[in-house]
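Notes follow the structure.
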Amino acid sequence: MQLTDFASAPNLVRLFFTRADELGQRPFLTAKIEGAWTSISWTEAARQVCLLAESLRSMGLKDGDRVVLVAENRPEWAIADLAIMAAGCITTPAYTTNTERDHLHILDNSGAKAVIVSSRKLAEPLLPAIVRSGIARQVIAMEPLRAGQADFEVHQWGDLIEGDGAAARAAVEARIAGIGRRDPACIIYTSGTSGAPRGVLLHHGAILCNVEGAAEVLAGDFGWGEERFLSFLPLSHALEHTAGLFLPIGLGADIWFAEGLDKLGSNIEEAKPTFMVVVPRLFEMLRGRIVKQVEKQGRFAQFLLDQALNLAERRAAGMRRLSDWPVERLLDATLRPKIRQRFGGRIKALVSGGAPLNPEVGAFFESMGLVMLQGYGQTESAPVVSCNYPSAGIRLATVGPPLRGVEVRIAEDGEILVRGELVMLGYWHNPAETAKTIIDGWLHTGDIGHLDDGGRIVITDRKKDIIVNDKGDNIAPQKLEGMLTLQPEISQAMVNGDKRPYVVGLVVPDCDWSFRWAKENGEKLDIDRLQQLPAFRSAVRTAIDRVNHDLSVTEKVRQFTFADEPFTIENGEMTPSLKIRRHKIRERYGDRIDGLYKG
């Protein structure tokens, strides 16, 4: 396999077939079925892709038609995505957490002619939206599904992947010969921290450009062997779609699909991945779990953890001492192998993307002997713009240099601008927003930052999220929130202060810490009641004050209040990529937050 395959591939389906022909019966897609990990080979996947593609054409779908795809991460998701493109159509993924209203927006906006759905549960909010939209006439179900007297046809997945695979392959080959790098591949609707989701139209070349740049980094710094990715983030998210599906395809890696957050720890140990793509919020959760588990193992384990954390702190500050060397050797012989085993024992690198990673969190994992690659990008850039990697000199306070084929410059107001093949074709049916976002070929990211002395991108904040207080001072909320949630007492936080005299915070206490506090203080674990107790509030106040100690006067969190429950995807206060939805949280807690400025 050669890196030149990415540059020469005319489309994503061609890249997949090239790998499938090379790798044949080797495992490609693996999922746990009835308690056992079960694999589909590259050859079998290619056969199913071709048969499903021809089935889509036989339903009357034509070049450029949109097909909505609603499924959890599983082998059929990858096969469906490739088959839609092999049929000459455009994949339109939707989140499994979407409501009927969300689905209706995507169906109406995309004008999708067909829908592929995995299960009866996911079909519940989807089918009414299909009926209300009245556009899609074909529904394909991965699992048995009845739709009653609906005005559309329901097809069973198994029926559509039976037949003459050779004839289907020949038909697909003839069709994809006419698909070029500038032709549309997918419409990915941004999860959106505000407003209605917009459809980002990505072409084959945008994703191939991403894959080439990322593969060059991984192959150059970690070698290129029998790689394995564990897929956990939603494949409907641009980061997982590119880095968790097409990058493995480009590398000839096999993909294992995690069962969910509750089983992620055991899945990592079983799958033994070499690479894994995760969002910062999950790293923060994993860090918290590791710290708590080590603390339970006695004084020596606690001593080792303290040493590792001290090393992490000095590393984050750029300070190394000669006396660190024996400590490093001790950790290599004791704590680090155990932590690496928790990640399967074969991990080459953990890739962080989707939001800024707190440097302290990154330094923590590196102190545990794990390599952290923090990437940066957005859906509109397919999505990867840059990445930290060892040969470029990892600095965790940055998101690394731009990948191959990517130009970056900083506008006068500090906004990061991006140009290259990776930039989207535009927003689907939204020329006005496209014109505001892509100007003279430059993608205006809405992110604020600068380039360091090594050409690495340093992100300071989102342009639209910057707090400007009533004195005109600029404050970066994500920095404050990241520091707050590193405290053991605080699970989640959102700060506020735009056009206000000072910064205030909305806080979700950590559940485990709250349980311990209640037990130690002879109280019942009733979160609502605990939050009314002055002593409990004082303990959380102490955590906030620890953060304030390292903040400037304008950044300090002066007042705080508690949220009623955690911010979650289910209550609409987090996006599927685990970013907080500020406008939703403000809608719910606006009066409470405003009350912090009275008196």
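Quick one: work out Rg over Rh on the C-alpha atoms of segment 467-595, Rh as Kirkwood radius. Mind dumping the intermediate values first?
Numbers: Rg = 14.6 Å, Rh = 15.2 Å.
Taking Rh as the inverse mean 1/r over Cα pairs, Rg/Rh reads 0.96.
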By the mean-Cβ-within-10 Å protection proxy, highest first, 504-515, 112-123 rank as 112-123, 504-515
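Which length gain, in nm to one decimal place, applies between Ala196 and Asp550 when the Cα-Cα distance is subtracted from 0.36 nm times their residue separation?
Residue separation times 0.36 nm, minus the Cα-Cα distance, leaves 123.7 nm.
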Projected onto their principal axes, the Cα atoms of segment 486-535 stretch, largest extent first, over whole-Å spans of 42, 22, 14
In debye to the nearest 20, the charge dipole size for segment 75-162, taken about the Cα centre with +1 at each Lys and Arg Cβ and -1 at each Asp and Glu Cβ, equals 200 debye
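Just the number, please: percent antiparallel of the DSSP beta bridges in the chain, rounded to the nearest 5. Mind dumping the intermediate values first?
Working: 41 of 78 bridges.
About 55 percent, rounded to the nearest 5.
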Whole-Å distance linking the alpha carbon centroid of segment 270-314 with that of segment 138-202 is 40 Å
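Rg/Rh for segment 129-229: what does it come to with C-alpha atoms and Rh from Kirkwood? Mind showing how you got there, number by number?
Working: Rg = 19.5 Å, Rh = 18.3 Å.
Value, to two decimals: 1.07.
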Volume per residue (Å³) of the convex hull spanned by the alpha carbons of segment 4-251 is 127 Å³
The size of the Cβ-based charge dipole (Lys, Arg +1; Asp, Glu -1) of the chain about the Cα centre, to the nearest 20 debye, is 1000 debye
Which of Lys263/Lys556; Lys62/Lys579; Lys32/Lys296; Lys348/Lys519; Lys121/Lys584; Lys479/Lys499 exceed 29 Å between C-alpha atoms? The answer is Lys263/Lys556; Lys62/Lys579; Lys32/Lys296; Lys348/Lys519
Highest mean packing first, using Cβ neighbours within 10 angstrom, the peptides 31-44, 227-240 sort as 227-240, 31-44
Along the dipole axis of the chain (charges at Cβ: +1 for Lys and Arg, -1 for Asp and Glu; origin at the Cα centre), the most positive-end residue among Gly199, Gln559, Leu264 is Gln559
Yeah, segment 134-176 with a ≥ b ≥ c from its alpha-carbon gyration tensor (a/c under 1.5 is rounded, else prolate when a/b outruns b/c, oblate otherwise) is oblate
Total charge of the residues flanking Val547 in space, meaning their Cβ is under 13 Å from its Cβ, with Lys and Arg +1 and Asp and Glu -1, is -1
Rounded to the nearest 10, the angle in degrees between the Cα long axis of helix 12-23 and the longest principal axis of the Cα atoms of the chain comes to 90 degrees
Binned at 20 Å from zero, the C-alpha pair distances of the chain give percents of 19, 53, 26, 2
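Give, rounded to the nearest 20 debye, the magnitude of the charge dipole that segment 4-251 has about its Cα centre when Lys and Arg contribute +1 at Cβ and Asp and Glu contribute -1 at Cβ.
Values: 22 positive and 29 negative charges, 106 e Å.
Using only the charged Cβ atoms, the result is roughly 520 debye.
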Descending packing, highest mean Cβ count within 10 Å first, for 343-354, 519-530, 552-563 is 343-354, 552-563, 519-530
Scalar couplings 3J(HN,Hα) for segment 37-50 by Karplus 6.51 cos²θ - 1.76 cosθ + 1.60 (θ = phi - 60°), nearest whole Hz, x for Gly and Pro, are 5, 10, 10, 10, 6, 4, 5, 5, 4, 4, 4, 5, 4, 5
Taking r as the C-beta separation of Arg314 and Asp108 and R0 as 41 Å, the FRET efficiency to the nearest 0.05 is 0.15
Taking only the Cα positions of segment 255-394, the convex hull volume per residue in Å³ is 121 Å³
Taking the alpha-carbon centre of each part, the distance from segment 560-596 to segment 1-56 in Å is 41 Å
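Here, each number is a calculation from the coordinates, and none is a lab measurement. Owing to the predicted nature of the structure, the values given are computational and were not obtained by experimental measurement. Positions of Cβ are backbone-derived with ideal geometry, glycine not excepted, and every protein chain shown enters the neighbour counts.
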